[in-house]
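S.K.: Quick one: structure below, then a few questions.
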Amino acid sequence: MILLCDHRGLGLEARLAPLRTAGFTLDATQGLLETRERLAFARPALVVLDPLAPGGLVELEDLERLGGAAGRPPLLLVADPEDSRAALSAARALGGGPWDLVHRDAPVEEYAVRIERLLAQAEQVGELDDLRYHAAHDDRTELLRPRFFDARLQEQVSAAQRHGFDLALVLLDLDRFGRINKEHDHTVGDLVIARVGRAVRECLRAEDVAGRLGGDEFAVILPFAGPLEAAAAVQRLASTLRALSGRVGAPELELEVSASLGFETLRGGQVDSAATLRRHAELALRHAKRCGGDRGVYYRSLQR
């Protein structure tokens, strides 16, 4: 997906519409605030920026900051054909990540060539990206490791508070997982964890973020999710994990798999930080475990 940041409002999306026939998906924003919102919850393959101010230094600084640990996406900066010096100076101040300049009145074919070149440059650093991926993701489940998940949670909560978005956090523990490790070889427990990780990934929307916090503890961030959407996601997660019950391993063992889930939403309550959001979700999770597990509990329901 290519994000077209048309901050000058000169019809960048219409101009580059032919790129869709080349297999690209185009998404467009009309101002800096809208671009910030989009980049807070999604990572495009490439950004085309037509900045409001000459050079777009403020916009470029935002792209660097919002890139987070993964780094800024490849950038094609649109420059004024009468004076591209400001854009060139601003682009040279960028940190990592490939970038290029294109004149605003260039034909769409030139835009396409420069976009393809930037994407090829991004692929050339794929090995480094692989190293970053493995550093950030748990080997067994391919979910974020705790430190990286905590960083994403802080970023998502800050963005949701700044722009008034809904957001929910779900914490889950497997029920009776210690018994599986005690009664069977640890390879069986590892296999269950891997299947749980795959099931969690399959339940996610594109904007959701999941992590393995340790052992049989997992967490999911649900952007744009209020109480009803979060409850539906929790029910879907619980049902998906329950469906993992059955024969596991070689020789095959009949195992029962289920989870306790606790969740909290950001808006409409006394939630002032990511730490508070997580603490509330943990309290709800503990209540779900005390009630026998295999269920989800909303923190606000404990306050009634």
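No lab work stands behind these numbers, since they all come straight from the coordinates. Bear in mind that the values here come from a model prediction, so they are computed numbers and not experimental data. So basically every Cβ, Gly included, is an ideal-geometry build from the backbone, and we count neighbours across all protein chains shown.
S.K.: How would Asp83, Asp150 line up from fewest to most surrounding beta-carbon atoms within 10 angstrom? Could the numbers behind the result be given before it?
M.R.: Details: Asp83 11, Asp150 17.
Ordered by Cβ neighbours within 10 Å, fewest first: Asp83, Asp150.
S.K.: Quick one: helix 57-66 against the long Cα principal axis of the chain, what's the angle to the nearest 10°, folded into 0 to 90?
M.R.: Result, in degrees: 20.
S.K.: Right, another one. What do you get for Rg/Rh of region 139-303 when both radii come from the Cα atoms and Rh is the Kirkwood radius? The partial results should precede the final answer.
M.R.: Working: Rg = 15.6 Å, Rh = 16.0 Å.
With Rh from the inverse mean 1/r over Cα pairs, Rg/Rh is 0.98.
S.K.: Let me ask you something else. Of the beta bridges DSSP finds with both residues in region 1-79, what % are antiparallel, to the nearest 5?
M.R.: Working: 0 of 12 bridges.
Close to 0 percent.
S.K.: Using amide H atoms built in the peptide plane, which far-off residues or other-chain residues are under 5 Å from Ser258 H to H?
M.R.: Counting only residues 5 or more places away or on other chains, the set is Asp175.
S.K.: Suppose we flag GluC sites (Glu not before Pro) only when DSSP calls them loop and at most 11 other Cβ atoms lie within 10 Å. Which is the longest uninterrupted stretch of the chain? Before the final figure, lay out the partial values.
M.R.: On the way: sites that count: Glu82, Glu252.
Longest run free of exposed loop sites: 83-251.
S.K.: Assuming a viscosity of 0.692 mPa s and a temperature of 37 °C, what translational diffusion coefficient in µm² per second does Stokes-Einstein assign to region 231-304, Rh being the Kirkwood radius over Cα pairs? Numbers along the way, then the final one.
M.R.: On the way: Rh = 13.5 Å.
So the translational diffusion coefficient is about 244 µm²/s.
S.K.: Specify the angular offset, from 0 to 90 degrees and rounded to the nearest 10, of the alpha carbon long axis of helix 227-242 from the longest principal axis of the alpha carbons in the chain.
M.R.: On a 0 to 90 degree scale, this one is about 60.
S.K.: So how far, in whole Å, is the C-alpha centre of region 227-297 from the one of region 5-19?
M.R.: Here the answer is 43 Å between Cα centres.
S.K.: Further, regarding this structure: Can you tally the net charge around Arg176? Count Lys and Arg as +1, Asp and Glu as -1, for every other residue whose Cβ sits under 11 Å from the Cβ of Arg176. Mind dumping the intermediate values first?
M.R.: Numbers: positive: Arg179, Lys182, Lys289; negative: Asp173, Asp175, Glu183, Asp216, Glu256, Asp294.
Net charge around Arg176: -3.
S.K.: A further question on this structure: Taking only Cα atoms, what is the 0 to 90° angle, nearest 10, from helix 32-41's long axis to the longest principal axis of the chain?
M.R.: 30
S.K.: Before rounding to the nearest 500, sum -39500 (n - 2.57) across all DSSP H runs of length at least 4 in the chain and divide by the residue total; then give [θ] at 222 nm in deg cm²/dmol.
M.R.: On the way: 11 runs with 136 residues, N = 304.
That comes out to -14000 deg cm²/dmol.
S.K.: Jot down the radius of gyration and Dmax of the chain, Cα atoms only, both in angstrom.
M.R.: 22.6, 74
S.K.: Full extension from Arg198 to Phe224: what is 0.36 nm times the residue separation minus their Cα-Cα distance, to one decimal in nm?
M.R.: Values: separation 26, 0.36 × 26 = 9.36 nm, distance 2.29 nm.
Once the chain is fully extended between Arg198 and Phe224, it gains 7.1 nm.
S.K.: Calculated FRET efficiency, Thr240 and Gln121, Cβ-Cβ r, R0 51 Å, to nearest 0.05?
M.R.: With a Förster radius of 51 Å, E is 0.85.
S.K.: If you don't mind, another one. When a/c is below 1.5 the answer is rounded, else prolate if a/b is larger than b/c, else oblate, so apply that to region 111-230 with a ≥ b ≥ c taken from the square roots of the Cα gyration tensor eigenvalues.
M.R.: Numbers: a/c = 2.63, a/b = 1.35, b/c = 1.95.
Taking the square roots of the gyration eigenvalues as a ≥ b ≥ c, region 111-230 is oblate.
S.K.: Give me the percent relative contact order of the chain, please, defined on Cα pairs under 8 angstrom at least 6 residues apart.
M.R.: Working: 511 pairs, mean separation 40.6, N = 304.
Reported as a whole number, the value is 13 percent.
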